[in-house]
Amino acid sequence: MLEINSLTTSFGSVVALDGVSMSVQESKITTVIGANGAGKSTLLRTISGLEHPAKGSITWDGKSIIGWKPEDVVRAGIAHVPEGHAVISELSVEENINMGSLFRRRVNKKDVAAALEETYHLFPRLQERRKQLAGTLSGGERQMLAISRALVSRPKLLLLDEPSLGLAPLVVEQIIDCVNTLCRSTGLTVLLVEQNANTALGVADHGVLLALGKVVADRPAAELKADSSLRAAYLGY
Amino acid sequence: MDTFLAALFSGTSRGAIYALVALGLVIVWRGAGVVNFAQMGQAMFSTYIASALIQNGNSYWVGFFVALFAGSILGALLDILIMRPLSNKKKTELLSSESMRAAVPVIASLGILGALQALAGIIWAAEERGFPAPAPQEGFSVASSIMPFTSFDLFVISIVAATLVMTTLFFKRTGVGLAMRATALNQEVARLSGIRTNFTRALSWAISGAASSLAGLLITPTSNLSPNTLDLVLIIGFTAAVVGGLDSPAGAVLGGFILGLVISFVTFYLSPEDVFISILGVLLVVLIVKPRGILGGKDARRV
Ligand SMILES: Nc1ncnc2c1ncn2[C@@H]1O[C@H](COP(=O)(O)OP(=O)(O)OP(=O)(O)O)[C@@H](O)[C@H]1O
Ligand SMILES: [Mg+2]
């Protein structure tokens with residue numbers, strides 16, 4: 001459902017993505033792994049319209065979304081949870097969540113309320129803290145909040161950038177479990193970026209290994225996980 | 001006691017107007033990242049529109065509401081036609097340093113101020129003219145004793161209070177208000193949430209334009225109208241915003257009232273000549289004690 005072809009994104013003389021081609025299958029979890037600076041975040045940011053590619057194409061549901069504004073990409077069903085627990089500290093938990101459904105509150109008011117209830121069901125800790133400022137949350141809670149904000153936009157594709165960043169293993173497992181359950185039960189498509197390759201490949205259907213802006217492997221996740229020589233060469237363990 | 005009450009009332013009504021000016025500045029600063037020096041030029045322009053309408057036989061209220069409407073349209077147009085193209089990343093890449101890029105909108109706003117003042121001078125001639133008040137400006141009399149405040153003061157205080165309540169409710173309770181706060185706080189997250197930040201930015205210019213036009217309409221009855229009359233109001237309003245905290249709408253309002261009262265008490269008890277030095281004093285004390293303003297920088301961010 002998402003097709004990427006020879007995508008190139010540069011920052012001045014730094015070429016962060018160098019002719020990346022890959023695809024994301026509907027209702028599957030695809031993970032992109034790679035070392036620091038491999039270009040994983042840039043890939044997601046280019047898909048969601050935050051960065052403009054120099055070359056290449058991105059096709060979503062048969063339409064090219066190159067040059068679209070981020071606000072239009074979300075409205076087309078691609079929600080991006082950027083790196084680093086991106087929430088707005090000065091707004092309350094509930095305001096942070098509601099932000100994600102503002103654009104469709106006039107079209108389908110009932111569903112907006114239902115989506116809020118569903119996220120509270122998914123992350124009860126957020127409901128307990130709904131009036132609190134997001135800045136007072138723990139790292140794990142903030143990540144849950146950022147994911148909730150993305151989910152209430154009712155995306156077909158969820159772009160997750162390193163949800164495990166800076167979190168304790170138990171919390172990471174909890175968050176990854178949630179995403180996995182969502183994908184399997186509702187048919188949500190997920191593009192998961194991770195440095196934590198084992199965790200990501202453990203839940204994913206498909207894995208893409210990125211190194212210095214290039215795709216070096218594109219295989220079923222289990223196969224990639226078993227390939228210790230690739231891991232040693234590109235991830236260093 | 002009478003002097004005290006008179007100073008208190010006149011200070012509160014002046015302070016209410018400065019609060020509006022400061023609020024207008026803070027809304028554009030937070031919503032669009034620009035310190036808008038053209039703001040009172042916009043207000044002057046819409047007050048002239050009201051004045052022209054009233055002189056042509058329309059009622060005060062027609063002039064009043066048309067001016068508010070014109071003020072908000074002018075604000076939005078300045079953003080869409082001038083500020084938005086100037087903030088275009090690709091075009092400003094020529095300017096190498098971040099600080100030079102940040103200076104562009106400020107210089108543009110000064111240019112707009114000059115242009116609006118020149119234009120008003122050309123259209124309406126540069127000499128001062130009076131501007132009517134909708135309520136008497138003589139002391140209010142109750143049972144034959146004259147009160148230390150005027151009906152116009154009461155009018156100003158109540159209309160500003162109503163505006164502040166409405167603005168607060170708008171920002172806190174409506175979806176568009178939430179979208180505007182989100183844009184002001186974190187543009188990237190706002191856009192990723194589907195918020196059209198071009199729209200919210202133009203809307204902050206429009207709301208600020210309406211608020212400052214209201215300030216212009218309320219202050220000119222006591223100071224006459226000319227292309228430059230509101231310059232001083234901008235300086236005081238800007239000081240009020242800095243005193244209260246440029247990041248905080250509530251702080252701006254607080255700062256406005258503080259400055260109004262300080263100016264009024266200094267005028268009544270000392271002399272009008274001491275007003276400037278006392279404003280400077282307030283500014284210095286606040287900046288030394290709380291460099292980000294009384295309510296500024298009180299965010300809950302944990303790093
Ligand atoms: N805004 C930017 N300006 C300049 N260079 C950038 C910018 N963003 C990313 N880069 C560069 O692009 C390359 C890829 O960065 P990117 O953030 O995509 O890596 P990543 O794979 O997400 O790394 P990490 O795992 O550390 O998050 C890096 O060399 C980085 O320095
Ligand atoms: Mg990254």
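The values are calculated or read from the model by the stated rules, or taken from the named source; none is laboratory data. As the structure is a computational prediction, the values presented were derived from the model and not from experiment. Ideal geometry is used to build each Cβ from the backbone, glycine not excepted, and the neighbour counts take in all protein chains shown.
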Meets criteria (farther than 30 Å from A:ARG104 by Cα, within 14 Å of chain A (Cβ to nearest Cβ), without any contact (Cβ under 8 Å) to a residue 60 or more places away in the chain and not charged (D, E, K, R)) for B:GLY194: no
Some residue of the stretch B:231-238 being away from every other protein chain (no Cβ under 14 Å) and either touching a Cys at 6+ places or on another chain (Cβ under 6 Å) or aromatic (Phe, Trp, Tyr) (or both): yes
Residue within the stretch B:6-15 that is over 24 Å from B:GLN187 (Cβ atoms) and without any contact (Cβ under 8 Å) to a residue 24 or more places away in the chain present: no
Condition check for A:GLU162: at pLDDT below 95, more than 11 Å from chain B (Cβ to nearest Cβ) and buried (at least 19 other Cβ atoms within 10 Å of the Cβ): yes
Within the stretch A:174-193, tally of residues that are within 16 Å of ligand 2 (Cβ to nearest atom) and either within 14 Å of another protein chain (Cβ to nearest Cβ) or of a type in the set (Val, Ile, Thr) (or both): 1
Top-ranked residue in the stretch A:72-89 [being more than 7 Å from chain B (Cβ to nearest Cβ) and charged (D, E, K, R); ranked as farthest from A:LYS131 (Cα to Cα)]: A:ASP72
Single unsatisfied condition, A:LYS63 versus (1) away from ligand 2 (no atom under 16 Å from the Cβ); (2) under 17 Å from the mean Cα position of the chain (by Cα); (3) under 29 Å from A:SER101 (Cα atoms): (2)
Top-ranked residue of the stretch B:268-285 - restricted to ones that are buried (at least 16 other Cβ atoms within 10 Å of the Cβ) and at pLDDT below 90, ranked as nearest to B:ILE27 (Cα to Cα): B:VAL275
Strands (runs of 3 or more DSSP E) within the stretch A:166-237 that include 2 or more residues closer than 23 Å to A:ALA79 by Cβ and touching a residue at least 40 places away in the same chain (Cβ under 8 Å): A:189-194, A:206-211
Single match in A:THR31, A:THR59 (criterion: buried (at least 22 other Cβ atoms within 10 Å of the Cβ) and either assigned to a strand (DSSP E or B) or more than 14 Å from ligand 1 (Cβ to nearest atom) (or both)): A:THR31
Residue that is farthest from A:VAL172 (Cα to Cα), among those in the stretch A:106-137 that are polar (S, T, N, Q) and more than 20 Å from the chain's Cα centre (by Cα): A:ASN108
Checklist (1) within 11 Å of another protein chain (Cβ to nearest Cβ); (2) within 21 Å of B:ALA38 (Cβ to Cβ) applied to B:SER212, failing item: (1)
Some residue of the stretch A:47-59 being farther than 23 Å from B:ASN88 by Cα and under 18 Å from the mean Cα position of the chain (by Cα): yes
Given (1) assigned to a helix (DSSP H, G or I); (2) buried (at least 19 other Cβ atoms within 10 Å of the Cβ), number of the condition A:LYS110 does not satisfy: (2)
Exclusive hit being within 15 Å of ligand 1 (Cβ to nearest atom), more than 10 Å from chain B (Cβ to nearest Cβ) and either crowded, with 24+ Cβ neighbours inside 10 Å or part of a loop (DSSP other than H, G, I, E, B) (or both), set A:GLY37, A:GLY49: A:GLY37
Which numbered condition A:SER92 fails, given (1) in contact with a Cys (Cβ under 7 Å, 6 or more places away or on another chain); (2) within 11 Å of another protein chain (Cβ to nearest Cβ): (1)
Selection from the stretch A:131-157 of residues that are in contact with a strand residue (DSSP E or B) (Cβ under 7 Å, 6 or more places away or on another chain), part of a loop (DSSP other than H, G, I, E, B) and either free of Cβ contacts under 8 Å to residues at least 60 places away in the same chain or within 11 Å of chain B (Cβ to nearest Cβ) (or both): A:LYS131, A:GLN132, A:SER153, A:PRO155
Residue match in the stretch B:287-301 (condition: within 14 Å of another protein chain (Cβ to nearest Cβ), at pLDDT 90 or above and buried (at least 21 other Cβ atoms within 10 Å of the Cβ)): no
Of residues in the stretch A:8-27 being surrounded by 18 or more Cβ atoms within 10 Å (Cβ to Cβ) and away from ligand 1 (no atom under 13 Å from the Cβ), the one farthest from A:LYS55 (Cα to Cα): A:VAL24
Long-range neighbours under 7 Å by Cβ, at least six apart or interchain, first residue touching a residue at least 12 places away in the same chain (Cβ under 8 Å) and at positive phi within the stretch A:26-45, second near ligand 1 (Cβ under 9 Å from one of its atoms) and not acidic (Asp, Glu): A:GLY34/A:LYS40; A:GLY34/A:LEU210; A:GLY39/A:ALA16; A:GLY39/A:LEU17; A:GLY39/A:LEU210; A:GLY39/A:GLY213
Filtered residue count, the stretch A:67-85, keeping only those that are buried (at least 20 other Cβ atoms within 10 Å of the Cβ) and within 16 Å of ligand 1 (Cβ to nearest atom): 5
Hits in the stretch B:160-180 (condition: crowded, with 22+ Cβ neighbours inside 10 Å, touching a residue at least 24 places away in the same chain (Cβ under 8 Å) and within 14 Å of another protein chain (Cβ to nearest Cβ)): B:MET180
Test: residue in the stretch A:4-19 that is within 14 Å of chain B (Cβ to nearest Cβ) and within 16 Å of ligand 2 (Cβ to nearest atom): yes
A:LYS69 vs. criteria away from ligand 2 (no atom under 16 Å from the Cβ), away from chain B (no Cβ under 11 Å) and not polar (S, T, N, Q): no
In the stretch A:86-100, the residues that are among the small types (Gly, Ala, Ser), more than 16 Å from ligand 2 (Cβ to nearest atom) and surrounded by fewer than 24 Cβ atoms within 10 Å (Cβ to Cβ): A:SER89, A:SER92
